[in-house]
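Comments concern the structure below.
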Amino acid sequence: NKQAPHVVLVAIPEVEPTVLRSLVRALSPYRATIKIIPNLRRLLNGRIELSQVRDLGVEDLLKRKPVDIDKAGIRGHFAGKCVMVTGAGGSIGSELCRQIVACEPTTLVLYERYENNLYAIRNELIHLGYGKSIAAIIGDITDEARLSSVMGHYRPDIVLHAAAHKHVPLMEASPCEAVKNNVGGTRLVSRLADRHKVRQFIMVSTDKAVNPTSVMGATKRVAEMLVQDIGQASQT
């Protein structure tokens, strides 16, 4: 479109994030650049210097202030500890593994039932130089004997429970599997974490558990409630 602007100046905070997001969507097909200026009135009065004009950032599109992550604190939380991640080959679990292994735990236990996914994240971490600190374990969160054996052998300090069935339409078609895996699996992993005296148990949930309208969301909400209930009497 020859009429599309080359540069768009947006004054912050005069423009609401919702309006800014709409502007970004409208300009996305074109090669227009969005620049942020701190104040429109100061621009009109010629009181804004070139150094105050900046590129659009992700934080400008948020309705809230961005959350600063305490990277040093997170690193210290995992460094020197044995950490176990369930569902380690999934989209969430694998990203957790990538970030945690860089914090230098003594051992990172990758617990996953899908062989191909586990093999992929294992090889990726080995390629990055973390081969000596990872243990790739085939196992299902609904298999009590296998879970107990792995926890008893590695004695994890921290368990991050990311294993779950997450695809909403598939769970609508197979609700029994959603309950078995998301509810029964979570109940088993959390109870075994308590039995094996794991110091900390972290469950990865979903926004779909808030006032759930799907089978997947409902099972994750029940899983949250189970973890909260077990946590009341557990030292974990």
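Worth a mention:
- For the chain, the relative contact order comes to 14 percent (Cα pairs under 8 Å, sequence separation of at least 6).
- Rounded tilt (10° steps) of 186-195 against the dominant C-alpha axis of the chain: 60 degrees
- Angle in degrees between helix 215-233 and the longest Cα principal axis of the chain, rounded to the nearest 10: 60 degrees
- GNM top mover of I137, I126, I69 - the chain, alpha-carbon springs below 10 Å: I69
- For the chain, built as a Gaussian network whose Cα springs stay under 10 Å, the top-fluctuating residue of A209, A193, A72: A72
- Distance histogram in 10 Å bins (all Cα pairs of segment 68-146, percent per bin): 20, 51, 25, 4, 0
- DSSP-defined antiparallel bridges as percent of all bridges, the chain, nearest 5: 10 percent
- Sorted from greatest to least, the principal axis extents spanned by the alpha carbons of the chain come out as 72, 41, 37 Å.
- Our summary gives segment 106-197 a relative contact order of 29 percent, counting only alpha carbon pairs under 8 angstrom and 6 or more residues apart.
- With at most 16 neighbouring Cβ atoms within 10 Å, loop GluC sites (Glu not before Pro) (DSSP) excluded, longest segment of the chain: 50-236
- For the chain, lysine pairs with C-alpha atoms less than 22 angstrom apart, excluding pairs fewer than eight positions apart on the same chain, total 13.
- The C-alpha atoms of the chain define a longest principal axis, and helix 17-27 lies at about 80 degrees to it.
- Exposed-site-free run, longest, the chain (rule: chymotrypsin sites (Phe, Trp or Tyr not before Pro); DSSP loop; at most 15 other C-beta within 10 Å): 115-236
- Selected from T213, T107, T18 as most flexible by GNM, with the chain as the system and alpha-carbon contacts under 10 Å: T18
- Built from the Cα atoms of segment 146-236, the convex hull projects on average onto 5.6 nm², one quarter of its surface area.
- Looking at segment 167-236, the trypsin sites (Lys or Arg not before Pro) that sit in a DSSP loop and have at most 15 other Cβ atoms within 10 Å of their own Cβ are K197, R199.
- Size of charge dipole - segment 89-236 - debye, nearest 20, with Cβ of Lys, Arg +1 and Asp, Glu -1, no other charges: 240 debye
Only the coordinates and a few stated rules stand behind these numbers; no lab work does. Everything numeric here is computed off the predicted structure, so don't read it as measured data. Cβ coordinates were reconstructed from backbone atoms using ideal geometry, including for glycine residues, and neighbour counts include every protein chain displayed.
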